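To start, the structure itself, in structure tokens.
Just so you know, all these numbers are worked out from the coordinates, no wet-lab data involved. All values derive from a computational prediction rather than experimental measurement. Using ideal geometry, Cβ is built from the backbone for each residue, glycine included, and neighbour counts are taken over all protein chains shown.
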Amino acid sequence: MRKPSATVDLHTDAFLDDWEDYSPEELLQESIDFMRSNLDAAIYWEMSEIRFIHGKGKGLLKKMVFEELKEYKDNGSIERYYTSYQNEDIVVVVIGI
């Protein structure tokens, strides 16, 4: 498993070469899957925190990211998460290992 960057951009054009071929729903799911794989890797590598850029837009990605992070917190995989004080388009995830 590859160690993720400290900050991960969840915009599909940042990690998919053919993002134009996807429907909006598929793009959203790809972003969530990408977030999960990077968060799981951060947990595996015992990183203290990781940041995800969800951006502005219509807020759908942010909403889904926060729903996903709530599940991680509820099952004890992460300590907490919060909107970055420097940039509201970023969520900071404290893994707390």
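Here the spin labels are modelled as points 7 Å beyond Cα on the Cα-Cβ line, and at residue 60 and residue 40 they lie 2.4 nm apart. Centroid-to-centroid, using Cα positions, segment 83-97 and segment 46-71 are 9 Å apart.
Helical runs (DSSP H, four residues minimum) scored at -39500 (n - 2.57) apiece and divided by the length of the chain put the mean residue ellipticity at 222 nm at -12500 deg cm²/dmol.
Listed by chain and number, the lysines whose alpha-carbon sits under 16 Å from that of residue 70, ignoring those within fewer than 8 places in the same chain, are 62.
Compute the helix-to-body angle for 60-74: its Cα long axis versus the longest principal axis of the chain, expressed 0 to 90° and rounded to tens. Long axis of 60-74 versus the principal axis of the chain: about 30 degrees.
Taking the Cα centre of segment 42-94 as reference, the dipole from Cβ charges on Lys and Arg (+1) and Asp and Glu (-1) amounts to some 280 debye. The string of couplings for segment 33-40 from the Karplus curve (6.51, -1.76, 1.60, θ = phi - 60°) is 4, 5, 4, 4, 5, 6, 5, 4 Hz, one whole number per residue in order, with x for Gly and Pro. For residue 81, nonlocal amide neighbours, meaning residues 5 or more places apart or on other chains whose placed amide H falls under 5 Å from its own, are 94. In a reduced charge model with +1 at each Lys and Arg Cβ and -1 at each Asp and Glu Cβ, the chain shows a dipole moment near 540 debye about its Cα centre.
A crude spin-label estimate for the pair residue 7 and residue 68, with each label 7 Å from Cα along the Cβ direction, gives 1.9 nm. Under 17 Å of direct C-alpha separation, and excluding same-chain neighbours fewer than eight residues apart, residue 3 reaches no lysines at all.
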